[in-house]
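In what follows, a single structure is set out as structure tokens and then discussed.
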Amino acid sequence: MTQKLILSIAAISGAFAVGLGAFGAHALKAKLEATERLSTYQTAVQYHFYHTFALLAIGFLLYKTQSSWLNYSAYMMIAGILFFSGSLYALCLSGARWLGAITPIGGVFFILGWLFLLMGVLKDAN
């Protein structure tokens with residue numbers, strides 16, 4: 001994956017995080033509060049943002065050094081956003097509780113993303 005692609009995905013992810021956060025805060029607030037899912041939705045937005053920032057850092061690191069570890073890290077961060085935050089967004093909007101079973105898979109992707117980032121920094125970054 002190229003730096004430009006990773007940074008582009010991070011930019012798009014950030015835009016979606018802001019949009020989804022605003023959507024939850026305004027359009028869905030009453031609905032989510034009624035079902036006690038507002039906290040879950042906020043968690044989805046927070047993790048979405050945290051890992052968008054991580055993608056930005058990975059993209060900038062790739063300008064300094066080409067690293068397969070950093071590429072793997074980016075893939076894992078993207079998968080984590082999709083599986084972790086995506087499953088929580090879907091759960092909150094649909095009420096389908098079975099989607100909560102997917103969320104930990106996203107958490108594992110996030111952990112792997114951070115560990116691959118560590119490997120990229122230790123092995124490849126100057």
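The values are calculated or read from the model by the stated rules, or taken from the named source; none is laboratory data. Note that this is a predicted model, so its numbers are computed, not measured. Note: ideal-geometry Cβ built from the backbone for every residue, glycine included; neighbour counts use all protein chains shown.
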- Item | Members of region 19-37 that are farther than 14 Å from Ile81 by Cα, within 18 Å of the chain's Cα centre (by Cα) and among the aliphatic types (A, V, I, L, M) | Ala22
- Message: Condition check: farther than 23 Å from Leu122 by Cα and in a helix (DSSP H, G or I). Does Thr40 satisfy that?
- Response: yes
- Item | Checklist (1) modelled with pLDDT of 95 or more; (2) surrounded by fewer than 18 Cβ atoms within 10 Å (Cβ to Cβ) applied to Ser39, failing item | (1)
- Task: Consider Leu118 carefully, then state whether it is under 20 Å from Ile6 (Cα atoms) and without any contact (Cβ under 8 Å) to a residue 12 or more places away in the chain.
- Result: yes
- Restricting attention to region 14-36, the residues that are outside any helix (DSSP H, G or I) and touching a residue at least 40 places away in the same chain (Cβ under 8 Å) number exactly 2
- Task: Restrict the check to region 59-70 and report whether at least one residue is within 13 Å of the chain's Cα centre (by Cα) and either within 16 Å of Leu7 (Cα to Cα) or among the β-branched types (Val, Ile, Thr) (or both).
- Result: no
- Message: Need the failing condition index for Leu7 against (1) without any contact (Cβ under 8 Å) to a residue 40 or more places away in the chain; (2) surrounded by fewer than 22 Cβ atoms within 10 Å (Cβ to Cβ), just the number.
- Response: (1)
- Query: Among the residues of region 12-36, which ones are surrounded by fewer than 17 Cβ atoms within 10 Å (Cβ to Cβ), touching a helix residue (DSSP H, G or I) at 6+ places or on another chain (Cβ under 8 Å) and small (Gly, Ala, Ser)?
  - Reply: Gly14
- Message: So, Ala11, is that one of a type in the set (Gly, Ala, Ser), touching a Cys at 6+ places or on another chain (Cβ under 9 Å) and assigned to a helix (DSSP H, G or I) or not?
- Response: no
